[in-house]
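The values are calculated or read from the model by the stated rules, or taken from the named source; none is laboratory data. What you are looking at is a predicted structure, and each value in this text was computed from that prediction instead of being measured. A quick note on method: Cβ atoms are made from the backbone with ideal geometry, for glycine too, and the neighbour counts reach across all protein chains shown. Surface accessibility is based on the protein's heavy atoms, side chains included, excluding ligands, DNA and RNA. Shrake-Rupley method; radii C 1.70, N 1.55, O 1.52, S 1.80 Å.
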Amino acid sequence: MDLCEQSPSYIRAIAPYQPGKPISELARELGLDEKKIIKLASNENPLGASPRAKAAIKKGLAEIGRYPDGNAFDLKAALARRFGLPQECIVVGNGSNELLELVAAAFLAPGRAAVYSQHAFAVYPLATQARGARGIEVLAKNYGHDLEAMLAAITPDTRVVFIANPNNPTGTFVPGKELEDFLARAPREVAVVLDEAYTEYLPPECRYDSVAWLKKFPSFVLTRTFSKVYGLAGLRVGFGLMHPDVADLLNRVRQPFNVNSLALAAALAALGDAKFVAKSYKMNRVGMTRLERGLRLLGIEYIPSCANFLSFCVPQRNGQPRAGAVYEKLLRRGVIVRPVAAYGMPDHLRVTIGTPKENEKFLKTLRATLDD
């Protein structure tokens, strides 16, 4: 019998995650000049990494012959000070993506289930399926989380609920009061994971203190990342805040030395670079306003977003979807955005907010593409 057929059927049935196309790959495929390509597909910070993070990386190069601190002591100490929590409440991961996987590894297995929303981050169903657990996808409401429906979808075998706020790829937002109410009503034996990868992009009037909820809800797990506003996507470092007993379980399934030494050093430096974070936030708000206005002028509907990207609807032609075709035409013109058909949104594309120059090129290229 074939070796691969010995793999569990739920593993063989997984459709691998498809990341945004890299600039170098597009240049090779189409013979384009890399310098003329703009990538607005993966929600990266257009400013790159903070100067402090870059300096920390250079300093850390001298020690790359040694293993990193497997307990991430310095970074956890800084996070503990930032959030007013004991270090025992913090788990550092290879991007916040790994925290999601660790929760799934600790609590999911065949015969168990996880609840998540339609149009939510692809890793939730992937992490669930990889453990042989059952995924319960709840229909979205206006492209966002329907918390009442998600609460009703929890079954006796449910052990995890995944919530993204703001959500990727739609950018939708759930007010803090509604989230806190959900936590108060969720069963205590269910881990409620709040994925706040884009929380630093929230406007002041939308912000809420989710860290305070950790003292009230032992089943609450909060995840964040350094990949977005901090600009460290290439280094892969994130963290989770949770009850110490939950952290202990996650550390049992966490790989040793899961975060490399340069990532740890860069994250520690980036955490203290408030000036860079403020600059990144401001550029994003200005860019968001520009893209919203540009899309409206083109007569294109978009989903209002609280993150650093916009998902917009590509108008059909003669009743036929053409988001895929528009995506391909944008590629040929050196503009990389993200198709989201795999998220149940076949008529939409997602564009990251870029620099002013990148935003203008995207709008100009999109206009020309739609006119084809």
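Whole angstrom only: what separates the Cα centroid of the range 251-329 from the Cα centroid of the range 125-198? After rounding, the separation between the Cα centres reads 21 Å.
Sorted by average packing, counted as other Cβ atoms within 10 angstrom per residue and highest first, what order do 93-99, 256-262 take?
Working: 93-99: 23.6, 256-262: 18.0.
Descending mean neighbour count gives 93-99, 256-262.
Accessible area of ILE163 (1.4 Å probe, protein heavy atoms only, ligands and nucleic acids ignored): about 0 Å².
Ligands, DNA and RNA left out, the accessible area of the chain computed with a 1.4 Å probe is 54% carbon and sulfur.
Near the amide H of ARG134, within less than 5 Å, lie the amide hydrogens of GLY111, ARG112, ALA113, ALA114, all on another chain or at least 5 residues away, with H placed in the peptide plane.
What the phi angles of the range 59-75 give under the Karplus curve with 6.51, -1.76 and 1.60, with θ = phi - 60°, is a coupling list of 5, x, 4, 5, 10, 6, x, 10, 5, x, 5, x, 9, 6, 4, 5, 5 Hz, glycine and proline written as x. Count Lys and Arg as plus one, Asp and Glu as minus one, and take only other residues whose Cβ is under 10 Å from that of LEU26; the net charge is then +1. When the pairs LYS141/LYS279; LYS141/LYS275; LYS54/LYS279; LYS39/LYS76; LYS39/LYS59; LYS54/LYS177 are compared against a 27 Å limit on Cα-Cα distance, LYS141/LYS279; LYS141/LYS275; LYS39/LYS76; LYS39/LYS59; LYS54/LYS177 fall above it. Per-residue 3J(HN,Hα) values for the range 13-18, derived from phi via the Karplus relation 6.51 cos²θ - 1.76 cosθ + 1.60 with θ = phi - 60°, read 8, 6, 8, x, 5, 9 Hz in sequence order (x marks Gly and Pro). Relative contact order for the chain: what percent, with Cα pairs under 8 Å and sequence separation of 6 or more? Worked out over the chain, it gives 23 percent.
Based on protein heavy atoms only, the range 141-234 ends up with 36 Å² per residue of surface accessible to a 1.4 Å probe. Charge tally for ASN284 (other residues, Cβ to Cβ under 11 Å; Lys, Arg +1; Asp, Glu -1): +4.
Run lengths n ≥ 4 of DSSP H only: what is the helix-derived mean residue ellipticity at 222 nm for the chain, with -39500 (n - 2.57) per run over all residues, to the nearest 500? Mean residue ellipticity at 222 nm (helix-derived): -11500 deg cm²/dmol. Calculate one ³J(HN,Hα) per residue across the range 200-217 by plugging θ = phi - 60° into the Karplus curve 6.51 cos²θ - 1.76 cosθ + 1.60, and present them in order as whole Hz with x for glycine and proline. Karplus-based 3J(HN,Hα) across the range 200-217 equals 5, 8, 5, x, x, 5, 9, 6, 8, 9, 6, 4, 4, 6, 4, 6, 9, 10 Hz. Computed over neighbours whose Cβ is under 11 Å from that of TYR124, the net charge equals -3, Lys and Arg +1, Asp and Glu -1.
Quick one: putting +1 on the C-beta of Lys and Arg, -1 on the C-beta of Asp and Glu, what dipole do you get for the range 283-328 around its Cα centre, in Debye to the nearest 20? Could you put the intermediate results ahead of the total?
On the way: 6 positive and 3 negative charges, 28 e Å.
Taking the Cα centre of the range 283-328 as origin, the dipole is about 140 debye.
A 1.4 Å probe, protein heavy atoms only, puts the accessible area of PHE217 near 20 Å². Within the set [x] 19.9, 62; [y] 20.8, 61; [z] 20.7, 73, the number that Rg and Dmax of the Cα atoms in Å takes when calculated for this structure is listed as [y].
Can you give the accessible area per residue of the range 280-366, in Å², using a 1.4 Å probe?
Values: 3800 Å² over 87 residues.
Here the per-residue accessible area is 44 Å².
Rolling a 1.4 angstrom probe over the protein heavy atoms with all chains in place gives the range 4-94 an accessible area of 64 Å² per residue.
Relative contact order of the range 256-369, please, whole-number percent, based on alpha carbon pairs below 8 angstrom and at least 6 residues apart. List each step's numbers first, then the result.
Working: 119 pairs, mean separation 27.1, N = 114.
Relative CO of the range 256-369 lands at 24 percent.
Rounded, prolate or oblate: which one fits the range 148-262, using the alpha carbon gyration tensor with axes a ≥ b ≥ c (rounded when a/c is under 1.5, else prolate when a/b beats b/c, else oblate)? Taking the square roots of the gyration eigenvalues as a ≥ b ≥ c, the range 148-262 is oblate.
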